[in-house]
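In what follows, a structure is listed as structure tokens, so that the remarks can point back to it.
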Amino acid sequence: MPEEIRIGVFICHCGINIGGVVDVPAVVEYASTLPNVVHAERNLYTCSSEGLESIKAAIKEHNLNRVIVASCTPRTHEPLFRATCKEAGLNPYLFEFVNIRDQCSWVHLHEPESATEKAKDLVRMGVAKAARLEPLEELTSDVIPTAVVIGAGISGMTAALSLARNGFSVHLIEKEKEIGGMLRNLYTLYPTDELAEEFLEPRIQAVKEHKRIALHLSSAVRAVEGYVGKFKVILDESGVERSIDAGVIIVATGAHEFEPEGLYEYDGERVITQLQLEEKLKKGDLNWAGIKNVVMVQCAGARGEVVGYCSKICCMNAIKNAKLIKEAHPAINVFIAHNELQAYGEEYELYYRDAKKAGVRFLRFPLERRPKVRRSDGNLIVDVFHERMQLDIPFEADLVVLSVPLVQNPDATQLSKMLKVPLGQDKFFFEAHVKLRPVDFATDGIFLCGTAHGPKDIGESIAQGYAAASRATIPLARGYVHSEPIISSVNEELCVGCGICESVCPYGAIEVVEVEEGKKRARVTGVKCKGCGTCGSSCIRRAIKMYHFTDEQLMAQERAAVVTEVIS
């Protein structure tokens, strides 16, 4: 005898976020009239501890075997409600989420009646699908207790050391002949004015001496196969190919300084970048006797000139170098032309004030009227439009220093394809969720840290290195991973092995294999599958179905969208 379907519906006010537009009591009353719904209630905040307890209590009291929550977005809250169902003894995949915030109260803010009717429609569709949900079991896969860290700058070294100190083997891959990244080229660090070399050297030695870290220099990643727990990374190490098996991968490939060719009379000699200035300060090869005026130009190539973003570290880097010059050579005039200064936090603000006290002068220009550098009779002239005075002021400069942005490394696109992880609009690697999973990729088992993610200073890079190592430690320490069972499934009786699904799968989760002589069929690696549905929609034989999104479930939702009475 088939199981009786008993659905509980929980409608969230979300304070006034939903309840300020949608008539929640009317939606609750409507939900209670739908087929198979044996309980309907409203909560002020369903995601609160009180709301979650009410779900668990209702499951037990009304013997619910399906649960629907109509609230905000499943992207942030679905795992929470699934876990609540599981705690109450219900299979978490017998839960259905209905989004009445984004799709009702937000988009129909000034149409409360329409928003309420649409909420009823969405709840009705959710009930239709929930009645056809099936219990699913999470997939389990073993994890190789080894990590691969790609990039040996400060964030990569931090992540590698953290993992190694927690007892895991680490392969640290660096394309250069030395480790240390861009930090090797810096002279001092702000706001401590500590020598970069003195800060970096102990960390380099710690990496080289740690017995659990295998260092691969002059190495490039050529291919990545597998999935979380069982990755295979193919390296070209000084011309020799080698293979590394690992459970997790951390991307710490860093970034590089934009080269301002064709901008501001840049020549690498009298018009240089901040990083080039650092190198000259470090080596001591600037002829200060011939320099009376230094002008630094902020946002050179950034904020819409070449790239659209603010590089975040340029302001403090310029303040640091200007302060160094002024303190070492008080007679030299140092100007910083800027649009806005990013000196966030008390420590950086105090450092900025110290630079002003040392005699560094700051000139603000509007972004639409950037400074111009020209040559006149062998001299460099920097024309700065002073925002307060509303005047173009020419400054004669012996040295012009451009604060240019950090940009993504050119090989990032190739690496992103190998790892099947995305790049954002600024070409930096893109995290799974900026708040909830800031160092994770959408692809399980791959993590991110440092300037590969975007411009950031040393402190932030180190913090993110620890964060990535912390996240990577979870599957390594457990020795196994669970993955969602919302994946594709192939009906081998209908499949003809044409390979279309294999070619369109963005995660490499489908492979056509020979099951008998001359007979090929598609096979799904469940741990790799993300349930995107691309394979199912492209299958000409309709041999692929998606668990939790079967044709029957989706068709029931479609019928419920146009039929006001749900057929059970």
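Read the figures in this text as sums done on the coordinates, not as results from a lab. Everything numeric here is computed off the predicted structure, so don't read it as measured data. Cβ sites come from the backbone with ideal geometry, for glycine too, and all protein chains shown count toward neighbours.
Quick look at the values:
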read-out: Phi-based couplings in Hz for the range 438-445 (Karplus 6.51, -1.76, 1.60; Gly and Pro marked x); value: x, 10, 9, 9, 5, 7, 4, x
read-out: Angle between the chain longest axis and helix 458-478 axis [Cα atoms, degrees, rounded to 10]; value: 30
read-out: For the range 251-406, the spread of Cα positions along each principal axis, largest first, Å; value: 48, 32, 31
read-out: Dipole-positive endmost among Ile487, Val562, Leu341 within the chain (Cβ charges, Cα centre); value: Leu341
read-out: The chain - charge dipole about Cα centre, Lys and Arg +1 at Cβ, Asp and Glu -1, debye rounded to 20; value: 320
read-out: Anisotropy class of the range 152-275 from Cα gyration tensor, a/c 1.5 cut; value: oblate
read-out: Cut-off under 5 Å, modelled amide H: who pairs with Thr46 long-range; value: His13, Cys14
read-out: Contact order relative to length of the chain, as percent, for alpha carbon pairs under 8 angstrom and 6 or more apart; value: 14
read-out: Translational diffusion coefficient (Stokes-Einstein; Kirkwood radius from C-alpha pairs) of the chain at 10 °C, 1.306 mPa s, in µm²/s; value: 57
read-out: Helix 196-209 axis, angle to the chain major axis (alpha carbon atoms, nearest 10°); value: 50
read-out: Relative contact order %, the range 299-420, counting alpha carbon pairs below 8 Å whose residues are six or more apart; value: 25
read-out: Amide H contacts of Arg66 (H built 1.01 Å from N, under 5 Å, at least 5 apart or other chain); value: Arg6, Gly8
read-out: Karplus 3J(HN,Hα) series, Hz, for the range 311-327 with 6.51 cos²θ - 1.76 cosθ + 1.60 (x for Gly, Pro); value: 7, 6, 9, 5, 4, 5, 5, 5, 4, 4, 5, 5, 5, 4, 5, 5, 6
read-out: Net charge contributed by nearby residues that have their C-beta within less than 13 Å of Tyr480 (K/R +1, D/E -1); value: -1
read-out: Modelled FRET efficiency - R0 22 Å, Arg212 with Asp236, Cβ distances, 0.05 increments; value: 0.40
read-out: Pairwise centroid distance, computed over Cα atoms, of the range 476-546 with the range 170-227, Å; value: 39
read-out: By average C-beta atoms within 10 angstrom, highest first, the peptides 402-411, 383-392, 324-333; value: 402-411, 324-333, 383-392
read-out: For the range 424-468 versus the range 292-356, the gap between their alpha-carbon centres in whole angstrom; value: 26
read-out: Given Lys86/Lys230; Lys292/Lys356; Lys230/Lys417; Lys175/Lys417; Lys232/Lys417; Lys177/Lys230, the pairs whose alpha carbons are separated by over 20 Å; value: Lys86/Lys230; Lys177/Lys230
read-out: At R0 = 30 Å, FRET efficiency that the Cβ-Cβ distance of Glu78 and Tyr344 yields, to 0.05; value: 0.30
read-out: Cα-based shape type of the range 7-136, given that a ≥ b ≥ c are square roots of the gyration tensor eigenvalues and the cut on a/c is 1.5; value: prolate
read-out: Dipole-positive endmost among Leu217, Leu380, Ile332 within the chain (Cβ charges, Cα centre); value: Ile332
read-out: R0 of 56 Å, Cβ-Cβ distance Glu137-Glu178: FRET efficiency to nearest 0.05; value: 0.70
read-out: Rounded to whole Hz, the Karplus (6.51, -1.76, 1.60) HN-Hα couplings of the range 184-193, x for glycine and proline; value: 4, 8, 7, 9, 10, 10, 9, x, 8, 6
read-out: Amide hydrogen neighbours beyond the local backbone of Ile250, cut-off 5 Å, H modeled; value: Val148, Val149, Ile150, Phe447
read-out: Value at 222 nm in deg cm²/dmol, rounded to 500, when DSSP H runs of n ≥ 4 in the chain each add -39,500 (n - 2.57); value: -9500 deg cm²/dmol
read-out: Beta bridges by DSSP in the chain, antiparallel share as percent, to the nearest 5; value: 50
read-out: Helix 112-130 axis, angle to the chain major axis (alpha carbon atoms, nearest 10°); value: 70
